[in-house]
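Right, one structure below, let's go through it.
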Amino acid sequence: MRDHPPPLAETHVENRGVVETVAQAVAAVDGRSATELPPLGANVDTDGLAAFVTTSTTTGHLVFEYAGYRVRVDFDGAVMVYE
């Protein structure tokens with residue numbers, strides 16, 4: 001398993017959906033508002049991402065690039081942003 005540096009931001013999907021949570025976490029790290037970031041749907045199947053978090057019954061995570069950052073989303077809704 002590859003060692004990772006600590007995330008620049010870490011949050012958890014709570015009352016917001018995973019798409020909004022990812023956008024807000026990246027925006028907080030980047031110093032821009034979420035509306036100034038490119039649409040997440042241009043990089044990721046957002047419906048699939050939402051289904052992964054809300055319906056997954058196994059352990060696992062997804063990693064993808066968004067707005068110049070590497071984002072990890074765990075099946076349990078943890079969202080981490082890396083350089």
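A few remarks follow.
- Across the chain, counting alpha-carbon atoms alone, Rg and Dmax equal 11.9, 35 Å.
- The sum of -39500 (n - 2.57) across all DSSP H runs of n ≥ 4, divided by the residue count of the chain, sets its helix-only mean residue ellipticity at 222 nm to -8500 deg cm²/dmol.
- Counting only protein heavy atoms and a probe of 1.4 Å, the accessible surface of the chain is 49% carbon and sulfur.
- Contour excess over end-to-end distance, with Cα ends at residue 14 and residue 46 and 0.36 nm allotted per residue: 9.8 nm
- Working ranking of peptides 19-29, 36-46, 63-73 by packing, defined as the average number of other Cβ atoms within 10 Å per residue, highest first, is 19-29, 63-73, 36-46.
- Whole-number percent relative contact order across the chain, with pairs defined as alpha carbons under 8 Å at least 6 apart: 37
- For residue 35 and residue 82, the difference between the fully extended length at 0.36 nm per residue and the C-alpha to C-alpha distance is 14.9 nm.
The values are calculated or read from the model by the stated rules, or taken from the named source; none is laboratory data. In this text the structure is predicted, and so the values were computed from the model without any measurement. Because the Cβ atoms are built from the backbone with ideal geometry, glycine has one as well, and the counts that use them run over all protein chains shown. We work out accessible area using only protein heavy atoms, side chains counted, and drop any ligands, DNA or RNA first. Shrake-Rupley method; radii C 1.70, N 1.55, O 1.52, S 1.80 Å.
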